[in-house]
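What follows is a single structure, written as structure tokens, with notes after it.
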Amino acid sequence: MQRIIISGGPGAGKSTLLEALQDRGYPTSVEVSRLLIQEQVQLGSKQVPWNDLSGFAGLALERMQRAYQQAQGPLTFFDRGIPDILAYLRVGNIPLEPEWMQVAHQYPYAPWVLMAPPWKEIYVNDAERWQTFAEATRLYETLSEVYQSLGYQLIVLPQVSVAERVAFVETILKKWFLEEPLSALTPEPSFCQSGKLRMSDPTISS
């Protein structure tokens, strides 16, 4: 079983990509935090990210662990993974407890993570997306740092149409299951906007 994370800052098109992959028949797991925000708002709870990020993170962690355990089949695409919680807490200047890092190691995903980079042209705010574009960009940078510190390889998604992004992901899947090196794809030194691949070397945390 390979649990493949699609991560990135808010409003970068990752949920749209996940829906397109689902339409193609791939098993998917939706973004936990969005559903939780909707639920907590309906309940009138104060455990929402902008009021109680630590409490909200605890709820998200429990739900993400459940989603991880319920995944079936040869692969499942996840809209965010447990390491995303660590990045949100870091951006919120909330100290990470040792058990948070332990959980991140206890629930390993596929060794490479699909990252949706900041994309100002499609960025919009809504009821569950309160961040400014600058805040979303900072979160993307922190997510990249956190995933690399945990030993994951980052593959930055091209800023192209949904259909082209799906084709890009399927190319990666073919190489992965054929055990071909992902480095065979052309790396770019900066954010990818041409349909080519940008990769970051993993950094193993101590």
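The values are calculated or read from the model by the stated rules, or taken from the named source; none is laboratory data. No experiment lies behind these values; they were computed from the predicted model shown. All Cβ positions, even for glycine, are placed from backbone atoms using ideal geometry, and neighbour counts span all protein chains on display. Note: accessible area is taken over every heavy atom of the protein model, side chains too, but ligands, DNA and RNA are not part of it. Shrake-Rupley method; radii C 1.70, N 1.55, O 1.52, S 1.80 Å.
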Test for Q131: is it under 21 Å from E31 (Cα atoms), of a type outside the set (A, V, I, L, M), buried (at least 19 other Cβ atoms within 10 Å of the Cβ) and at pLDDT below 95: no
For segment 43-77, give me the residue count where each residue is modelled with pLDDT of 80 or more and open to solvent by 80 Å² or more (accessible area, probe 1.4 Å). 6
Looking at Q148, Q153 in this structure, which one is touching a helix residue (DSSP H, G or I) at 6+ places or on another chain (Cβ under 9 Å) and either open to solvent by 10 Å² or more (accessible area, probe 1.4 Å) or at pLDDT below 95 (or both)? Q153
Within segment 25-38, can one find any residue that is basic (K, R), in contact (Cβ under 8 Å) with a residue 24 or more places away in the chain, on the phi < 0 side of the Ramachandran plot and buried (at least 19 other Cβ atoms within 10 Å of the Cβ)? no
Given A87, A116, A136, A163, which one is exposed (fewer than 14 other Cβ atoms within 10 Å of the Cβ) and not charged (D, E, K, R)? A163
Exactly one condition in (1) surrounded by fewer than 17 Cβ atoms within 10 Å (Cβ to Cβ); (2) on the phi > 0 side of the Ramachandran plot; (3) in contact with a strand residue (DSSP E or B) (Cβ under 8 Å, 6 or more places away or on another chain) is not met by N93; state its number. (3)
Determine which single condition E19 fails, assuming it passes every other condition in (1) farther than 22 Å from M101 by Cα; (2) touching a residue at least 24 places away in the same chain (Cβ under 8 Å); (3) part of a helix (DSSP H, G or I); (4) under 15 Å from the mean Cα position of the chain (by Cα). (2)
Would you list the helices (runs of 4 or more DSSP H) that sit entirely within segment 45-108 and hold 3 or more residues that are of a type in the set (G, A, S)? 53-70
Residue pairs meeting the criteria (Cβ under 9 Å; at least 6 apart or on separate chains; first within 19 Å of L89 (Cα to Cα), in segment 39-55; second of a type in the set (D, E)): K46/D52
